[in-house]
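The values are calculated or read from the model by the stated rules, or taken from the named source; none is laboratory data. On a predicted model such as this, the values are computed, not experimentally measured, just so you know. Positions of Cβ are generated from backbone atoms using ideal geometry, with glycine treated the same way; all protein chains shown enter the neighbour counts.
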């Protein structure tokens, strides 16, 4: 991350199977339709007035119709790279990191390409992650009415994310990989990890921490069929869930089955995976984006990535019997 005086500049290496859109100046744009896997990199500008947990964007209510880099997140540059040039770009930034660690983010449903870049840069900035930020962006339609289409496109993206993680693993300077997936993006990730656990025994040595944030996945199918396969691909996996997540409550109604990221009717426990109940934390109207919006969650993720601390060491409160242990944020009662 560079400090230009007026803004912080965050470099994001991206991989996407969105169809490319027009090039506008220095900006390669992407659409919400499927395509082949492409690689590139972008520069995200974060205003110096940025507050942790926020992605500051123009607001019509404040009569802000164009982004101002002094006040808002903006994409300063975005261009495509060859796969080899992308690997070299990530490798060069890994060499600047003492830990030689990379952070990979996979977004959820109803997310545009610029918004995915913004969230990736914001999480890296707010958690002070000490290595390159990498985004995998699948072809979300970025519309509320696009839920069914997005469900199909996460399936489309599974082999592409598998290729991206294999590429990261193959970079010689990669010592550690940390992964965060949000919402529907978890479907891409868990299927990819299951495949890597089966076919790439060396993956676990480098994939140190995986965060499944508000996962929009059938809880029963996950516990029975998917969770047992994941420890072969990653050293530790943490699930964040909340009973205040209205988006996942709506998904449960659509599908007829509870979601992994919802603690209703019960918290999903799948040892050795660790489940964190975020229900007691303040939330926005939907209660779905706390992985980037809530300071307590961001700080917990920062501690996980910085030291690999156990939940109790991070100040979380144990809940449930020992055989069905999960963790809660210790929110003071007033």
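Which of the residues that make up the range 248-273 are over 19 Å from residue 144 (Cα atoms), surrounded by fewer than 16 Cβ atoms within 10 Å (Cβ to Cβ) and touching a strand residue (DSSP E or B) at 6+ places or on another chain (Cβ under 7 Å)?
257
Of the residues in the range 34-63, how many are part of a strand (DSSP E or B) and loosely packed, with under 14 Cβ neighbours inside 10 Å? Let's see the steps before the verdict.
Start the filter on the range 34-63 by keeping residues that are part of a strand (DSSP E or B), which leaves 34-47.
After this cut, where a residue has to be loosely packed, with under 14 Cβ neighbours inside 10 Å as well, the list is 36.
Final tally of qualifying residues: 1.
Tell me which residues, restricted to the range 287-334, are at negative phi, over 16 Å from the mean Cα position of the chain (by Cα), touching a residue at least 24 places away in the same chain (Cβ under 8 Å) and in a loop (DSSP other than H, G, I, E, B).
Of everything in the range 287-334, those that are at negative phi, over 16 Å from the mean Cα position of the chain (by Cα), touching a residue at least 24 places away in the same chain (Cβ under 8 Å) and in a loop (DSSP other than H, G, I, E, B) turn out to be 311, 316, 325, 329, 331.
Can you go through 151, 195 and tell me which one is free of Cβ contacts under 8 Å to residues at least 60 places away in the same chain, out of contact with any helix residue (DSSP H, G or I) (no Cβ under 7 Å at 6 or more places or on another chain), assigned to a helix (DSSP H, G or I) and surrounded by fewer than 24 Cβ atoms within 10 Å (Cβ to Cβ)?
Values: 195 fails: out of contact with any helix residue (DSSP H, G or I) (no Cβ under 7 Å at 6 or more places or on another chain).
Answer to the check: 151.
Collect the residues in the range 86-101 that are part of a helix (DSSP H, G or I) and in contact (Cβ under 8 Å) with a residue 12 or more places away in the chain, keeping them in residue-number order.
Step one: of the range 86-101, the residues part of a helix (DSSP H, G or I) are 86-94.
Hits for the range 86-101 are 86, 87, 89, 90, 91, 93, 94.
Taking into account only those residues within the range 244-262 that are within 20 Å of the chain's Cα centre (by Cα) and assigned to a loop (DSSP other than H, G, I, E, B), which is farthest from residue 199 (Cα to Cα)?
Initially, the range 244-262 is screened for residues within 20 Å of the chain's Cα centre (by Cα), giving 244-248, 251, 259-262.
Next, only the ones that are assigned to a loop (DSSP other than H, G, I, E, B) stay: 244-245, 260-262.
Numbers: 244: 37, 245: 35, 260: 25, 261: 27, 262: 31 Å.
Ranking the candidates gives 244 first.
Does the range 102-114 hold any residues that are surrounded by 24 or more Cβ atoms within 10 Å (Cβ to Cβ), outside any strand (DSSP E or B) and in contact with a strand residue (DSSP E or B) (Cβ under 7 Å, 6 or more places away or on another chain), and which are they?
Hits for the range 102-114 are 107, 108, 113.
Being part of a helix (DSSP H, G or I) and within 26 Å of residue 298 (Cβ to Cβ) is the filter here, so list the residues in the range 158-181 that pass it.
Of the residues in the range 158-181, the ones part of a helix (DSSP H, G or I) are 158-170.
Matches in the range 158-181: 161, 164, 165, 168.
Would you be able to say whether some residue in the range 202-210 is surrounded by fewer than 21 Cβ atoms within 10 Å (Cβ to Cβ), touching a helix residue (DSSP H, G or I) at 6+ places or on another chain (Cβ under 8 Å) and at pLDDT below 95?
Yes, because at least one residue in the range 202-210 is surrounded by fewer than 21 Cβ atoms within 10 Å (Cβ to Cβ), touching a helix residue (DSSP H, G or I) at 6+ places or on another chain (Cβ under 8 Å) and at pLDDT below 95.
Out of 117, 189, report the one residue that is over 18 Å from residue 239 (Cβ atoms), buried (at least 23 other Cβ atoms within 10 Å of the Cβ) and touching a strand residue (DSSP E or B) at 6+ places or on another chain (Cβ under 8 Å). If you could, list the steps in order and put the result at the bottom.
Numbers: 189 fails: over 18 Å from residue 239 (Cβ atoms).
Checking each option against the conditions leaves just 117.
In the list 171, 180, 226, which residue meets the criterion of being closer than 28 Å to residue 283 by Cα and touching a residue at least 12 places away in the same chain (Cβ under 8 Å)? It would help to see each step written out before you state the result.
Details: 171 fails: closer than 28 Å to residue 283 by Cα; 226 fails: closer than 28 Å to residue 283 by Cα.
Unique residue meeting the criteria: 180.
Pick from 17, 68: which is modelled with pLDDT under 95 and either over 20 Å from the mean Cα position of the chain (by Cα) or part of a strand (DSSP E or B) (or both)? Walk me through how you get there before you give the answer.
Working: 17 fails: modelled with pLDDT under 95.
Exactly one of 17, 68 is modelled with pLDDT under 95 and either over 20 Å from the mean Cα position of the chain (by Cα) or part of a strand (DSSP E or B) (or both), namely 68.
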